[in-house]
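Inspection log for the structure reproduced underneath, given as structure tokens.
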Amino acid sequence: HLCVTIFSFISVGCSVVVAQYLGAQKRDTARNVIHISIALNMLLGTFVALVIFFFGWDALKLMNTPDSLMQDAYNYLHILGICLLFEAISLILAACIRVYGKTQAVMYVSLFINIITVFGNILLLYGFFGLPQLGLIGVAVSTAFGRLVGMGILFYLLFHGLKIHFDYHLLFRWTKKQLGQILKIGLPSAGENLVWFLHYLTALAFVGLMGELSLAAESIYFAIASFIMLLGASVSIANEIIVAHYVGASQFDKAYKQGFHAIRAGFITSLIAAVLIYLASPFISRLLTDDQSVIAIMAPLFLLGILLEPGRSLNIVMVNALRASGDAAFPLKTAILFMWGISIPLGYYLGIKL
């Protein structure tokens, strides 16, 4: 997950810059940016794979992996290290296909990858059709194979399906301007994701101090809330592409109005979802746990969710709209200020002290 977060910062920068160039009708420049981004993530993916290859054992030791699991975990991690190279390239390809408006194609490819991976897991875990039972290594192999196939399909869709000419020479022709544009959006985006991730881990540590029941309640609630977050995230990604096209075409009034249309859509859909989940929460809670103490702790979280989730959706949509306009630094600054200046201190005071 950490590696995918690292790879994502290039894909975020790439998608915004490509969308802006497409809006400005500079398709050749957009093609150059695509090639540079693929090369960047290819280098990152190779670097990560090498780190895992040479330091995977040390990483597992650092995580206090039990001795009985070390060898299997090490073999699994090695194979997934190769898989991460495919994942790094696929993230760029998928982001670019979305920018060209073919979002359904990416969804179908993801579904196909999952089918291959699950089917491969079944074959190699249980040794059907005379295949060896490879256990955890089999899971890693099928995962890597699924990612490789997915990367191949995405590559075909982008460069053949969308008629974008692939030129391997462009992978090595980096211009300072275009590289700077990608990193200007990508690096603050990566920083903001990291700030949120560390903030979430810290808050989780606070919950851990409250005991196992609170931790179980938080885990279940967060899993359910993730479905509401998906609504805001989907609206924000679509809005980011549209706003970036308008900004590239210098249609700033349209970009401004589009941003607020998306905020309204994200807010309303998240509010409706939060209310429906609150109303269904007694049934959902019993479905996921039979511990009445956990259900009692979780009950007020669903009510608070009616306030929290629409606000979270508003933030996600607004942050992506700002990125699309070329400003990724402001969301990073606000994330640091409000997450670490308000949320964490107030959470500690209310949750632990009081």
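The values are calculated or read from the model by the stated rules, or taken from the named source; none is laboratory data. The shown structure was predicted, so the numbers you read here are calculated from the model rather than taken from an experiment. Here Cβ is always computed from backbone atoms with ideal geometry, including for glycine, and neighbour counts include all displayed protein chains. These area figures cover heavy atoms from the full protein model, side chains too; ligands, DNA and RNA do not enter into them. Shrake-Rupley method; radii C 1.70, N 1.55, O 1.52, S 1.80 Å.
Computed from backbone phi with θ = phi - 60° and the Karplus coefficients 6.51, -1.76 and 1.60, the 3J(HN,Hα) list for the range 6-11 is 5, 5, 5, 5, 6, 5 Hz; x is used for glycine and proline. Exceedance of the 21 Å cut-off in Cα-Cα distance is limited, within the set Lys184/Lys257; Lys163/Lys257; Lys163/Lys184; Lys26/Lys163, to Lys184/Lys257; Lys163/Lys257; Lys163/Lys184.
State the extension gain, in nm to one decimal, for the chain segment bounded by Asp72 and Leu125, taking 0.36 nm per residue of separation less the distance between their alpha-carbons.
17.7 nm
Note on Leu303 and Tyr108: the model spin-label points, each 7 Å out from Cα along the C-beta direction, lie 4.7 nm apart. Annotation: amide H-H contacts under 5 Å for Ala24 (H modelled 1.01 Å from N, sequence separation of 5 or more, or interchain): Ala249. Solvent-accessible area per residue in the chain equals 55 Å², computed with a 1.4 angstrom probe and all protein chains kept.
Placing unit charges on the Cβ atoms only, positive for Lys and Arg and negative for Asp and Glu, gives the chain a dipole magnitude near 1320 debye about its Cα centre. Using the Cα coordinates of the chain, the gyration tensor eigenvalues translate into equivalent-ellipsoid semi-axes of 34, 30, 20 Å, sorted from longest to shortest. Nonpolar atom fraction for the chain, defined as the carbon and sulfur part of the 1.4 Å probe accessible area, stands at 71 percent.
Farthest toward the dipole's positive end in the chain, which of Pro345, Leu198, Leu93, given Cβ charges of +1 (Lys, Arg) and -1 (Asp, Glu) about the Cα centre? Result: Leu93.
The range 277-313 to the range 1-80: how many Å between their Cα centroids? Centre-to-centre (Cα) distance: 35 Å. When the helices of the chain are scored as -39500 (n - 2.57) per DSSP H run of n ≥ 4 and the total is divided over every residue, the value at 222 nm lands at -29000 deg cm²/dmol. Take the Cα of His1, step 7 Å toward its Cβ, do the same at Gln25, and the gap between the two points is 4.6 nm.
Size of the range 37-126: Rg and Dmax of its alpha carbons, in Å, are 16.2, 49. In order along the range 308-318, phi translates into HN-Hα couplings of 5, 5, x, x, 5, 4, 4, 4, 4, 5, 5 Hz, rounded to whole numbers, per the Karplus curve 6.51 cos²θ - 1.76 cosθ + 1.60 with θ = phi - 60° and x for Gly and Pro.
With a Förster radius of 41 Å applied to the C-beta separation of Phe155 and Leu209, the computed FRET efficiency comes to 0.30.
For the range 94-180, trypsin sites (Lys or Arg not before Pro) are listed when DSSP marks them as loop and at most 14 other Cβ atoms sit within 10 Å of their Cβ; the list is Lys163, Arg173.
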